[in-house]
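Report on one structure; see the data block that follows.
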Amino acid sequence: MDAALEEAKKAEARGEVPIGAVVVRDGEILARAGNRTLELRDPTAHAEMLAIRAAATAVSSERLVDCDLYVTLEPCPMCAAAASFARIRRLYYGAADPKGGAVESGVRYFADASCHHVPEIYGGIGETESAAMLRDFFRAKR
């Protein structure tokens, strides 16, 4: 999670919402990313999406069955679906997102019958630092 937090800090330095993600296999980071929606003018350029894409390229497969995803904020519906389609083994996330999250908040994507793959889910990892970073970011914007 420390590497995901580093990516969130880099995203914040670029003026992006401070969210970071890493994909790990066998203790090795395959891919890392922070939000880039503003920079790329791409609403799908969430940290999770970018990290999943990069990891899939790194292993030359759309399936990341033996990989774990660490992200600083509870994934939204799009990112939860991407993790499912990629067959992510374990999902670790920091802060809950009552407004936009889709794991334990909101639509609860993985609990839906249309979800074909459910990773093991571990929330609250690095929650304090993740939540503080987001609170401080949005407080400064207001």
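The values are calculated or read from the model by the stated rules, or taken from the named source; none is laboratory data. Worth saying up front: this structure is predicted, and the values here are computed from it rather than measured. Glycine also receives a Cβ, built like all others from the backbone with ideal geometry; neighbour counts cover every protein chain displayed. The accessibility values were calculated without ligands, DNA or RNA, using every heavy atom of the protein model including side chains. Shrake-Rupley method; radii C 1.70, N 1.55, O 1.52, S 1.80 Å.
Remarks
- The string of couplings for the stretch 16-23 from the Karplus curve (6.51, -1.76, 1.60, θ = phi - 60°) is 8, 4, x, 10, x, 8, 9, 10 Hz, one whole number per residue in order, with x for Gly and Pro.
- Put the Cα centre of the stretch 3-60 next to the Cα centre of the stretch 73-99 and the gap is 13 Å.
- Cα long-axis angle, helix 127-141 against the chain (0 to 90 degrees, to the nearest 10): 50
- Placing unit charges on the Cβ atoms only, positive for Lys and Arg and negative for Asp and Glu, gives the stretch 11-138 a dipole magnitude near 280 debye about its Cα centre.
- A cut-off under 13 angstrom between Cβ atoms defines the neighbours of SER84, and their net charge, with Lys, Arg +1 and Asp, Glu -1, is +1.
- Between helix 47-59 and the chain: long-axis angle, C-alpha atoms, 0 to 90°, nearest 10: 40
- Heavy-atom accessible surface of the stretch 50-95: percent carbon and sulfur, 1.4 Å: 56
- Radius ratio Rg over Rh of the stretch 20-142, counting only Cα atoms, Kirkwood formula for Rh: 0.96
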